[in-house]
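Encoded as structure tokens, the structure appears first; notes follow it.
The values are calculated or read from the model by the stated rules, or taken from the named source; none is laboratory data. This structure is a prediction, so every number in the text was calculated from the model and none was measured. Don't worry about glycine lacking a Cβ; one is built from the backbone with ideal geometry, like all the others, and counts go over all protein chains shown.
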Amino acid sequence: MPTGVVSEAQLEVQSDVQSGVQTEAQSEARSETSSDASPTKSDAGTAKSNRHDQILDAAEVVLRKRGFEKATMDEIAEQADVAKGTLYLYFKNKHAIYLSLSERGSMLLNAKLGAVLSRDQNGLALIRDLGKTYLRFIHEYPLYFTTFGYYERVLMHQAGENADLIERCEKQAEIALRTIVRALQIGMQDGSVNPEFDPEELGLTIWGASKGVIHMAYLKDKQTGTDTMITNFIRIIGSGIKNDEMTP
């Protein structure tokens, strides 16, 4: 695979990811502030960011135990060791917390997908590995996966509420989609993916279809097995977009 092609795509996606992606360990220190910022503002900003993440960490604990419907703001405040009034300064309702967790999970997922795209592989292999990475993410972070579905429902029916959070979640979804498109473009340039497809349309098709398959897999988990359905989907996509003229 031409090195220049991969480097160009990698740089574009890394730019997207780095614009909003947090590190996997939410407890790690935030980026240093600029040298011309006053110590007071810097300290205040860091404290606010830390408190924000402290509350989200606590919310994850409560939501895993209680679920979204049963969890209460009182329980989250108690778990975070903050006053209820302080909690509402950061999150006006439970929906805002859930959307914030969706954003956090999306950032983490995009960091993992971006890492896949930096590998020295042909485009078809990258598409397959993106699918496998998504599957591992679902297993490792089921709560985040649940919040993704919640965000999509809110986007359809309650777009006016928590509009700023919804916009940030939408930005992360666009980054994920662009990562798929970049992998397809790499494949079309290196010959591993059928060039007759439009990469934008094909990327959207794969992204949308994957959501439906994963949703159905979870509904039928006891009968069929989530891993089997998703793995079969990845294989079907790989076979369908493969350039038949390319030597195996």
Next on the checklist: Of everything in the range 219-248, what is more than 16 Å from Lys132 (Cβ to Cβ), among the polar types (S, T, N, Q) and either modelled with pLDDT of 70 or more or loosely packed, with under 12 Cβ neighbours inside 10 Å (or both)? Give them in sequence order.
Outcome noted: Gln223, Asn243, Thr247
Item to check | Selection within the range 166-210 - farther than 24 Å from Glu152 by Cβ and aromatic (Phe, Trp, Tyr) | outcome: Phe197
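So that you can scan it fast, the table gives a plain yes or no per residue for (1) under 20 Å from the mean Cα position of the chain (by Cα); (2) modelled with pLDDT of 50 or more:
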site: Leu11; (1), (2): yes, no
site: Gly20; (1), (2): yes, no
site: Ser42; (1), (2): no, yes
site: Asn50; (1), (2): no, yes
site: Phe91; (1), (2): no, yes
site: Gly105; (1), (2): yes, yes
Checklist entry - Identify, please: which residue in the range 196-218 is surrounded by fewer than 15 Cβ atoms within 10 Å (Cβ to Cβ) and under 18 Å from the mean Cα position of the chain (by Cα) and is, among those, farthest from Ile180 (Cα to Cα)? => result His215
Item to check | Residues satisfying the stated conditions in the range 185-218, i.e. of a type in the set (A, V, I, L, M, F, W, C), over 24 Å from Gly105 (Cα atoms) and either touching a Leu at 6+ places or on another chain (Cβ under 9 Å) or free of Cβ contacts under 8 Å to residues at least 24 places away in the same chain (or both) | outcome: Ile186, Val193, Phe197, Leu202
Item to check | Condition met for Lys132 (modelled with pLDDT of 95 or more and among the basic types (Lys, Arg)) | outcome: no
Item to check | Criterion (of a type in the set (A, V, I, L, M, F, W, C), buried (at least 16 other Cβ atoms within 10 Å of the Cβ) and farther than 24 Å from Gln54 by Cβ) met by exactly one of Leu165, Leu113 | outcome: Leu113
Checklist entry - Residues that are in contact with a strand residue (DSSP E or B) (Cβ under 7 Å, 6 or more places away or on another chain): which helices (runs of 4 or more DSSP H) entirely in the range 111-191 hold 1 or more of them? => result 123-140, 163-190
Next on the checklist: Considering only the range 65-81, I want to know if a residue exists there that is outside any loop (DSSP other than H, G, I, E, B), buried (at least 22 other Cβ atoms within 10 Å of the Cβ), within 20 Å of the chain's Cα centre (by Cα) and not small (Gly, Ala, Ser).
Outcome noted: no
Next on the checklist: For the range 167-185, check the following and say yes or no: at least one residue is modelled with pLDDT under 95 and more than 12 Å from the chain's Cα centre (by Cα).
Outcome noted: yes
